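Written out below as structure tokens is the structure these notes cover.
The values are calculated or read from the model by the stated rules, or taken from the named source; none is laboratory data. No experiment lies behind these values; they were computed from the predicted model shown. Note that each Cβ is placed from the backbone with ideal geometry, even for glycine, and that neighbours are counted across all protein chains shown. In case anyone asks, the SASA skips ligands and DNA or RNA and just uses the protein heavy atoms, side chains included. Shrake-Rupley method; radii C 1.70, N 1.55, O 1.52, S 1.80 Å.
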Amino acid sequence: MTVRTVATSPIDGQQPGTSGLRRKTRVFMQPGYLENFVQSLFDAIGGLTGKTLVLGGDGRFFNREAAQTILKMAAANGAARVIAGCGGLLSTPAASAVIRARGADGGIILSASHNPGGLEADFGVKYNIASGGPALEGVTEAIHARTLAISEYRILDAPDVDLDRQGTTKLGAMAVEVIDPVADWLALIETLFDMDAIRGLFESGFRMRFDALHAVTGPYATAILEGRLGAPAGTVVNATPLPDFGGGHPDPNPAHARALMEEMFSAEAPDFGAAADGDGDRNMILGRGVYVTPSDSLAVLAANAALAPGYRGGLAGVARSMPTSRAVDRVAARLGIPCHETPTGWKYFGNLLDAGKATLCGEESFGTGSNHVREKDGLWAVLMWLNILAVRREPVAEILRAHWAEHGRDYYSRHDYEGVEAGRAQALIEGLRARLPELPGTQAAGLTVSAADDFRYVDPVDGSVAEHQGIRILFGDDARAVFRLSGTGTEGATLRVYLERFEPDPARHGLDPQAALARVIAAAGEIAGIRRHMGRDAPDVRT
Ligand code: VG1
Ligand code: CO
């Protein structure tokens with residue numbers, strides 16, 4: 001087996017976004033595209049000599065081919081060992097768990113997460129550091145800089161590794177260890193929850209539906225829910241990971257997990273419903289006839305965390321991304337613990353978790369997790385809910401109603417305008433940014449702007465600064481609109497408008513969120529000129 005050094009030249013646009021480099025699958029399949037990025041990554045982290053890497057992905061189209069290429073490149077770059085999930089699979093939280101459990105130097109996750117998969121859809125590559133968390137901007141910028149200067153990559157001329165058989169083999173001088181993708185994660189997750197209590201809940205006749213959306217969580221959910229916890233067979237549906245996710249959008253939200261929504265709002269609805277995304281880090285939580293927004297879910301989990309053995313000692317603090325509703329802030333205030341506000345993207349929670357400043361974290365985009373790994377973890381959230389339900393033995397709707405009665409309700413909705421021409425989306429944001437100083441005092445739809453800014457984050461641990469993380473417009477203490485552009489799309493731009501309003505009065509906690517938010521929606525539209533800039537009357541997706 002010989003190391004081949006291949007001459008190459010820089011490819012424009014290999015800049016990682018909110019969560020890794022995501023592009024059309026066909027772009028990733030162009031000769032040299034993946035190779036350039038991976039060699040740049042290896043170069044930017046100081047080479048691979050003697051290092052151990054974890055490798056896995058969500059099973060989407062091109063996952064296997066990309067894994068083989070990366071294995072051969074890692075061998076050619078002097079890595080000591082690559083620990084790969086069997087079949088090339090590892091959910092994002094499992095990859096984080098394996099990196100930490102094995103003391104690896106880092107890991108590569110092949111996924112475009114909730115984006116569709118297939119030859120005509122999306123692919124992605126994400127690099128995680130030794131803590132198990134996504135690389136921060138310092139690293140991703142160094143990788144990008146390297147992609148603009150690269151002149152050669154190294155790859156071993158060797159036959160493919162058999163990724164379907166567990167055990168250790170050699171690829172040149174490098175060890176390739178193929179592991180059960182579920183085992184390390186499962187061993188960790190079991191220590192956090194009262195497994196007997198959840199088992200007892202299922203024994204009592206409690207019914208649940210988990211929709212894996214033909215993505216990576218199928219094997220994980222089946223192992224823990226139907227295997228360890230005794231949920232009846234068939235509790236987990238769409239459990240086989242498919243390269244194109246069955247043609248669907250592996251995004252656990254009311255718009256894309258339609259079948260689950262319909263079942264949970266039907267006459268025969270089970271007690272509890274949940275879904276996860278392509279790479280298993282997102283979750284959606286439902287009860288019979290009720291949908292729990294991710295922001296409320298985070299707040300409920302924080303308020304009830306002590307019911308789970310892993311969090312019995314209390315929470316050091318909580319953290320949420322800036323556009324996530326302030327429901328968890330109210331819980332933190334009640335518990336007397338700090339609440340941190342970070343930019344969008346899980347990577348910003350890493351330092352807070354490492355420093356012991358936060359125990360639970362969450363994002364409005366269906367992401368929740370804790371300090372057990374350094375990624376959001378869809379099934380972790382599902383198990384937290386199950387643990388709470390096993391102890392409280394109340395319906396989800398009742399838990400939510402009681403939570404709002406105690407803390408008030410933060411009505412919340414996100415409006416996405418997808419596939420917008422990049423210039424138009426940029427113009428809307430620039431327009432708002434330019435008017436920030438003059439916005440306070442402005443009236444729109446009967447609301448008055450009390451403050452407006454461009455979110456800037458200073459990491460309390462290492463002092464790093466992230467600028468331009470979203471335009472915030474506050475309407476007094478109770479209402480808010482936030483505007484930002486997506487950093488995970490692969491086509492055009494996506495404008496996200498996050499809307500919320502606090503309602504303290506329990507008599508008004510049963511409204512339709514779109515109706516409860518009508519004035520905030522109108523004011524946000526008026527102030528930003530959404531219709532004029534977007535050239536459309538309504539958002540494409542409301543969650
Ligand atoms: C979106 C979400 C963000 C999340 C990111 C990755 O980013 O808004 O909260 O961290 O996806 O999630 P953006 O830039 O498109 O708004 V995952 O499950 O995709 O990797
Ligand atoms: Co994801």
Where does the chain land at 222 nm, in deg cm²/dmol rounded to the nearest 500, when only DSSP H runs of n ≥ 4 count, each adding -39500 (n - 2.57), divided by all residues? -9000 deg cm²/dmol
Counting only protein heavy atoms and leaving out ligands, DNA and RNA, the solvent-accessible surface of Val237 at a 1.4 Å probe, in Å² to the nearest 10, equals 40 Å²
What whole-number distance in Å separates the alpha-carbon centres of region 357-399 and region 117-157? 30 Å
Expressed as a rounded percentage, what relative contact order does region 409-542 have, with Cα pairs under 8 Å and six or more residues apart? 37 percent
Select from Leu148, Val292, Leu242 the residue farthest towards the positive end of the dipole of the chain; place +1 on Cβ of Lys and Arg, -1 on Cβ of Asp and Glu, and compute about the Cα centre. Leu148
For Ile83, distant residues with modelled amide H under 5 Å away: Leu53, Val54, Leu55, Glu177
For the chain, which whole percent of the accessible surface, found with a 1.4 angstrom probe, sits on carbon and sulfur atoms? 50 percent
Alpha-carbon centroid distance for the pair region 235-304 / region 474-508, whole angstrom: 21 Å
Percent antiparallel among DSSP beta bridges with both residues in the chain, to the nearest 5? 70 percent
Where the centroid of each part is defined by its Cα atoms, how far is region 1-25 from region 404-419 in Å? 38 Å
Round to the nearest 10 and give me the degree value, 0 to 90, for the angle of helix 63-76's Cα axis relative to the longest principal axis of the chain. 50 degrees
Can you say what percent of the DSSP beta bridges in region 186-407, counting only those with both residues inside, are antiparallel? Round to 5. 50 percent
Of all DSSP beta bridges in region 2-181, what percent run antiparallel (nearest 5)? 60 percent
For region 472-543, which GluC sites (Glu not before Pro) pass both filters: DSSP loop (anything but H, G, I, E, B) and at most 13 other C-beta atoms within 10 Å? Glu491
What FRET efficiency comes out for Ala175 versus Ala538 if R0 is 51 angstrom and r is the Cβ-Cβ distance? Round to the nearest 0.05. 0.40
Rounded accessible area per residue of region 429-543, 1.4 Å, Å²: 46 Å²
Would you list Ser151, Ser297, Ser131 from the most to the least accessible area, probe 1.4 Å? Ser151, Ser131, Ser297
Dipole magnitude of region 409-542 about its Cα centre (Cβ charges: Lys, Arg +1; Asp, Glu -1), debye to nearest 20: 320 debye
Set of lysines with alpha-carbon distance to Lys376 below 20 Å, sequence-local pairs under 8 removed: Lys126, Lys347, Lys357
Need one number: nm distance between label points at Ala397 and Val461, each 7 Å from Cα along Cα→Cβ, rounded to one decimal. 4.1 nm
Using θ = phi - 60° and the Karplus curve 6.51 cos²θ - 1.76 cosθ + 1.60, what whole-Hz ³J(HN,Hα) does each residue of region 441-446 get, with Gly and Pro shown as x? x, 5, 10, 8, 6, x
For q values of 0.06 Å⁻¹, compute log₁₀ I(q)/I(0) with the Debye formula on a Cα-only model of the chain, without solvent. -0.28
